[in-house]
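Chemist: One structure is given below, represented as C-alpha cells, and several questions about it will come after.
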Number of protein chains: 2
Amino acid sequence: MNRNDIELFSCSSEHATESSSQAVSAQALGLEVRLLRTLLKAAGNPPILVGLWDGRQVCPVSTPLAGMQIHDRAALFKLLLQPDLQFGELYSAGRLSVEGDLVDFLEVVQQALPDFAKRSAWMKRLSQLYMLRPNTLARARENIHHHYDIGNAFYQLWLDEQMVYTCAYFQTPTATLEAAQIAKLDHVCRKLQLQPDEEVVEAGCGWGALALHMARQFGVRVKAYNISTEQLAFARQRAQTEGLTGQVEFIEGDYREISGDFDAFVSVGMLEHVGLKHYHELGQVIDRCLRPHGRGLIHTIGRNRPLPMNAWIEKRIFPGGYPPSLGEMKAIFEPSRFSVLDVENLRLHYAKTLEHWLARFEQVADQVKQMYDADFVRAWRFYLAGSLTTFRIGELQLFQVVFNRFNNNDIPWTREFLYR
Amino acid sequence: MNRNDIELFSCSSEHATESSSQAVSAQALGLEVRLLRTLLKAAGNPPILVGLWDGRQVCPVSTPLAGMQIHDRAALFKLLLQPDLQFGELYSAGRLSVEGDLVDFLEVVQQALPDFAKRSAWMKRLSQLYMLRPNTLARARENIHHHYDIGNAFYQLWLDEQMVYTCAYFQTPTATLEAAQIAKLDHVCRKLQLQPDEEVVEAGCGWGALALHMARQFGVRVKAYNISTEQLAFARQRAQTEGLTGQVEFIEGDYREISGDFDAFVSVGMLEHVGLKHYHELGQVIDRCLRPHGRGLIHTIGRNRPLPMNAWIEKRIFPGGYPPSLGEMKAIFEPSRFSVLDVENLRLHYAKTLEHWLARFEQVADQVKQMYDADFVRAWRFYLAGSLTTFRIGELQLFQVVFNRFNNNDIPWTREFLYR
C-alpha cells in the first residue's frame, strides 16, 4: 500500500477525485484511520489534512486548507476520547503539531465545528460537569493563583506598558496596543462619568492600571480589590512610584469582601472568574456598596447564548471560569432592580488585542522557553491563538455593561459625550 | 363628630400632630375609613389625602403632598378589591378624582408603592394570570384593532407631524417633539447602517413614518408590515402623496407572516405587543429573513426585571401587551445565535416624549371630548400621565437593541459614527 493510495482514499467520497478508483478498503487502512474519520466527521469534516506518525493521512476534502500531524498512537486515542481537552494538551506536549499558521488552522477547524446545540445530550452534559463546582473563597484564590501568579516578569514580556490584560479599545484598527489600552481605560472612565474626589471601588484590579489611571487622570479615590498576590505586589509598587498611595488603596480581597460606600463600581475582566452560581452575590455586593447616585460598569467576555467553557481552557488556563450570555447576567442586575443603561459589544477589539498579544508573545517565545519550557510556550501559543479565533469567528463576545439604580434620573441625556 | 377631628385622626400615629389627642375611635369613623387605611398601608402609605363622598378624609401623613376624592361608596369597594385595575376604571368614569396635577399625584403614589417582589404570592399570581393567554394571529389582530384603530383623526390631534407613536430621541432635553421624532428615525437608521438600494423589512410600522423616512432619506426599499387597517390606510396614502409607492410597500400582515430576504430588520414599538410566549417565533422570523450580512434593531419598552403588566393598561390600553426585561429578550436572540452589538436605554426620552404628548392632548381635550366622551378623555389622560410617571420613576425602560448574525464581522469598529 503506497502513501498516495491512502491519501486519496482518505478523502471522503463526496469530494473524491477521479483517481479514487485506486482506493483500497478502509479495513486495510487500519483502525486508526477509521477512528480518525469518525472524529473528523463529528468535528464537521473540517478541510484539513491529518497526518499520522507512520505517514498515513486522512482528509475529508479534496483540497485541504490546513494540516496537522499526530505524532504517536496514544495521542490519537487521547484525542478521540476527549477532543476538546486533549487537543490543547497534546499540542502543548508537542505530540500533535500544526502545519503553517496556528491561527489559520484553528479558524478553519472552528468554523467547521457543528453548533454546540446540535451535539449529543451526553456530550453536552459531560461538558457541563464543571458547572457544579462552586467558586468558594478558597477555590477562587486557587483558581486566580493558577493563572495570574505565573510571574509578573512573564506578563511584562508581552503585555503593553500599562500591563492591561483585558480587551483594549482601538479607536481605529491600526492604533497601537499601547494607545488602545489607554483608550480603553479612558472609555471605561468616561462611561462611569467619574468626577474629581469621587470614591470608586474596583473588583479585580489586575496589575492596577485602571485604578491608577482613574486616580491620576480623573482625580478619584480608589479601593481596588484583587486576590492575586503577585499582581497586588506589582500594583502597590506602581502606586508608590507614581506617588498615588494616598489616592489608591490596593486591597487583598475577593469581591465578596468589598465594604464601604462608593460613587462608582467597576470591574474589568473579573466576571469571567465569578461563575454563574455567584452572580447574585456579586449583585448583592454592588447593591450594598453603591450610593444612590452611583454608576456601575462590568466589562466581561461573554457569549451569544449559554455554552460550557472549552475543557482545555477550563483545565489549564481559567479554572472556575465562565463567560456568560447577556441573558445570564440578569442574575447580577435584576434582583437589585439595577437599570442597564448601555451595552457595547467589543468582540472584534478583543480579536485585535489578541493579535497584538500573540505577535508580541512570539517575539519573546525564546525567552519564555528559557524561563519555563517548550510545553509552556506551546500552551500559551495555543491559548492566545485559540482565543483570537474564537472572538474572530463570533463564538465569544466582549460586553461592557453600564448600569445604575433604577430610580436615579441623573443619567447622561445621550451617549454623545463618550465620543466628543 | 366634626370634620377636623376625622382628618386629624386619620393621620397615622407616627406622623400624628399634637392635636391628635382630639381623635375619636376608629370604629366611630366607620368601616370605610378602616378599609381605606388598610388599602393605603398596602400601597406603602403614600403621602396623599383621600376624601370620601361624605366629607370624611384619610391621610397616612401629617403633610400630604397630593389629594384625591372617592365620590361614592361602591367606587371605594371596587378600589379595595382590585386597586391596580379599578383606579384607572374609576378615574375614567369620574367616580374618583385627583386634586391638582395628575402627573404629580401619580408620581407621589408610585414612588411609595412597595416593590412588586415584596407583595404577597397570591397577589402576584393573580397579576400574572393574563400571561397564560397566547397572542394567536386572530387575538393579535383584535388587540391591535383595540388601540390603533380608534381613528387616525384622534392621533393626528396630538402626535407630531410625522405621526410617530413611539419614544422620541431628544438630542437635547429642549428639542421640540417634531425634531426629536425625526432624530429618532435617523438614530434608528444610522444604527442599522442603511445603504442605498438595500432591502429592509419593518415589523409593525404604525402610520408609516419610519418606512417612508428610510426610503426618502436613505434610499432603501422597504416592506412594512402592520395589522392595524386604519394605520395602513393612512400609511399607503402618505406613500402615494410622497411618490414613494415604488420604494415602500405597506403590507397587511402579522410579523409571523413576513417573507423574503432582507438586509435589515427593524421593529419599533411592536415587541410590546408580541408577548413573551412568542419571542422564539419572532426570532425564527428574523433568522429566516435576514441575509448573512444583515443588521437588526428592536426598539421596545422594557423592564429592569420581569413584572406583570399593570392590570388597567392591559385591559383598556394594550390587551396582550408585555414589556420585557433584557433577560427575557434572550428568547429572541439566543436560539438563532444572534449577537447583541449595542443596547441603549432611552428611558428619560420616553418620559419627555410623554410630557409632550400629554401637554398636546390637554390642548385638544375639548375636541376629543366632542369626538368621544368625557370618560374617553379621562382614560387617555390617565394612560398618558401614568406612563409618564412610570418612565420617570424608573419602573419602565426603553431599550434599543442592535444585533446581527454571530459570524458577521462587517460591523462598525466603534459607535462614534452615530454621533458625528
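The values are calculated or read from the model by the stated rules, or taken from the named source; none is laboratory data. Since we're looking at a predicted model, the values are computed, not measured. Note that we place each Cβ from the backbone using ideal geometry, even for glycine, and neighbour counts take in every protein chain shown. The accessibility values were calculated without ligands, DNA or RNA, using every heavy atom of the protein model including side chains. Shrake-Rupley method; radii C 1.70, N 1.55, O 1.52, S 1.80 Å.
Chemist: For residue B:301, are the conditions met, namely being over 13 Å from the mean Cα position of the chain (by Cα) and surrounded by 23 or more Cβ atoms within 10 Å (Cβ to Cβ)?
Modeler: Values: over 13 Å from the mean Cα position of the chain (by Cα): no; surrounded by 23 or more Cβ atoms within 10 Å (Cβ to Cβ): yes.
No: the conditions fail for residue B:301.
Chemist: (1) assigned to a loop (DSSP other than H, G, I, E, B); (2) open to solvent by less than 20 Å² (accessible area, probe 1.4 Å): which one isn't true of residue A:55, the others all being true?
Modeler: Only one criterion in (1) assigned to a loop (DSSP other than H, G, I, E, B); (2) open to solvent by less than 20 Å² (accessible area, probe 1.4 Å) is unmet by residue A:55, namely (2).
Chemist: Something else now. Quick check, is residue A:381 within 13 Å of chain B (Cβ to nearest Cβ), under 17 Å from the mean Cα position of the chain (by Cα) and modelled with pLDDT of 95 or more?
Modeler: no
Chemist: I've got another one for you. Which condition does residue A:349 not pass, out of (1) within 10 Å of chain B (Cβ to nearest Cβ); (2) over 20 Å from residue A:191 (Cα atoms); (3) in a helix (DSSP H, G or I); (4) not hydrophobic (A, V, I, L, M, F, W, C), if it passes all the others?
Modeler: (2)
Chemist: For the subset of the range B:133-173 comprising residues that are in contact (Cβ under 8 Å) with a residue 40 or more places away in the chain and within 14 Å of chain A (Cβ to nearest Cβ), which member is most open to solvent (accessible area, probe 1.4 Å)?
Modeler: Across the range B:133-173, the extreme among qualifying residues is B:173.
Chemist: Exactly one condition in (1) within 13 Å of chain A (Cβ to nearest Cβ); (2) of a type in the set (Asp, Glu); (3) over 30 Å from residue A:117 (Cα atoms) is false for residue B:344; which is it?
Modeler: (3)
Chemist: Within the range A:380-399, how many residues are touching a residue at least 40 places away in the same chain (Cβ under 8 Å), open to solvent by less than 10 Å² (accessible area, probe 1.4 Å) and in a helix (DSSP H, G or I)?
Modeler: Result for the range A:380-399: 4.
Chemist: If you scan the range A:174-187, which residues turn out to be within 14 Å of another protein chain (Cβ to nearest Cβ), of a type outside the set (Gly, Ala, Ser) and open to solvent by less than 60 Å² (accessible area, probe 1.4 Å)?
Modeler: A:184, A:186, A:187 - these are the residues of the range A:174-187 that are within 14 Å of another protein chain (Cβ to nearest Cβ), of a type outside the set (Gly, Ala, Ser) and open to solvent by less than 60 Å² (accessible area, probe 1.4 Å).
Chemist: Okay, next question. Which residue pairs have Cβ atoms closer than 6 Å, lie 6 or more positions apart in sequence or on different chains, and pair a first residue in the range B:29-40 that is more than 16 Å from residue B:75 (Cβ to Cβ) and modelled with pLDDT under 95 with a second residue that is loosely packed, with under 14 Cβ neighbours inside 10 Å and among the small types (Gly, Ala, Ser)?
Modeler: Final answer for the pair search is B:34/B:26.
Chemist: Just give me the residues in the range A:221-255 being at pLDDT 95 or above, farther than 17 Å from residue A:268 by Cβ and either in a helix (DSSP H, G or I) or basic (Lys, Arg) (or both), in sequence order.
Modeler: A:221, A:233, A:236, A:237, A:239, A:240, A:241, A:242
Chemist: Scan the range A:341-379 for residues that are open to solvent by 10 Å² or more (accessible area, probe 1.4 Å) and of a type in the set (Phe, Trp, Tyr) and jot them down.
Modeler: A:350, A:372, A:376
Chemist: Here's another thing I want to ask about it. For the range B:277-304, give me the residue count where each residue is part of a helix (DSSP H, G or I) and away from chain A (no Cβ under 13 Å).
Modeler: 9
Chemist: Turning to a different aspect of this structure: Go through (1) farther than 23 Å from residue A:342 by Cβ; (2) outside any helix (DSSP H, G or I) one by one and return the number of the condition residue A:200 breaks.
Modeler: Only one criterion is unmet by residue A:200, namely (1).
Chemist: With B:361, B:376 as the choices, which residue is in a helix (DSSP H, G or I) and farther than 30 Å from residue B:138 by Cβ? So that I can check it myself, show each step before the final result.
Modeler: On the way: B:376 fails: farther than 30 Å from residue B:138 by Cβ.
None of the other options fit; the residue is B:361.
Chemist: What number of residues within the range B:315-340 are assigned to a loop (DSSP other than H, G, I, E, B), within 7 Å of another protein chain (Cβ to nearest Cβ) and open to solvent by less than 10 Å² (accessible area, probe 1.4 Å)?
Modeler: 1
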